[in-house]
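Chemist: The structure's right below; bear with me while I get my questions together.
The values are calculated or read from the model by the stated rules, or taken from the named source; none is laboratory data. Please read all numbers here as calculations on a predicted model, not as lab measurements. Heads up, the Cβs are rebuilt from the backbone with ideal geometry, glycines too, and the neighbour counts pull from every protein chain shown. Each accessible area value is taken on the protein alone, full model and side chains, heavy atoms only, with ligands, DNA and RNA left out. Shrake-Rupley method; radii C 1.70, N 1.55, O 1.52, S 1.80 Å.
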Amino acid sequence: MKIERVYLLANKTSTSAGSLNRKAEPTLLEMIADARVNQMGAQRQMTVFGKVYADARIVRIMGEHTADNIGIANMSLKTFTPNYAITKTAYHQYRTDFYIIVDKKQVGGD
């Protein structure tokens, strides 16, 4: 388990819903200084995603939070890259767990 700084991001659009040029831009919602970031093992990935990826992580944050994407400690605050889409969110009594896939290369299987 590593304690890392993470950034919670939301996808905001500057154009109307019917626009053909609609593009989502990430915006910073919140910076969390003491998130717990763990690698997910193969069995846990099969349970959560139904597949095994080269790098998947679970980000645990105290309190109730919402976000579309997560940036981990090495994310640039100017460009918001790299950031990762949240695949699954789980709310517990005192914390929020975000499941992210860092490297989408599948391991094993077909």
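Chemist: Please check the chain for the longest run free of trypsin sites (Lys or Arg not before Pro) that are loop-located per DSSP (anything but H, G, I, E, B) and have at most 16 other Cβ atoms within 10 Å. Write out the running numbers ahead of the final one.
Modeler: Working: sites that count: R22, K23, K51, K78.
Maximal segment without exposed cleavage sites: 79-110.
Chemist: With a cut-off of at most 11 other beta carbons within 10 Å, and DSSP calling the residue loop, which chymotrypsin sites (Phe, Trp or Tyr not before Pro) in the stretch 40-110 qualify? Please list them.
Modeler: Y94
Chemist: At 222 nm, what value in deg cm²/dmol follows for the chain if DSSP H runs of at least 4 each add -39500 (n - 2.57) and the sum is divided by all its residues, to the nearest 500? Write down the numbers at each step before the final one.
Modeler: Working: 1 runs with 7 residues, N = 110.
Calculated from helices alone, the mean residue ellipticity at 222 nm is -1500 deg cm²/dmol.
Chemist: Send over a whole-number figure in Å² for the accessible area per residue of the chain, probe 1.4 Å.
Modeler: Numbers: 7030 Å² over 110 residues.
For the chain, the solvent-accessible area averages 64 Å² per residue.
Chemist: Sticking with this one: Note the listed values [x] 7.6; [y] 8.5; [z] 6.7, then indicate which one is mean projected area of the Cα convex hull in nm² calculated from this particular structure.
Modeler: Label [y] holds the value from this structure.
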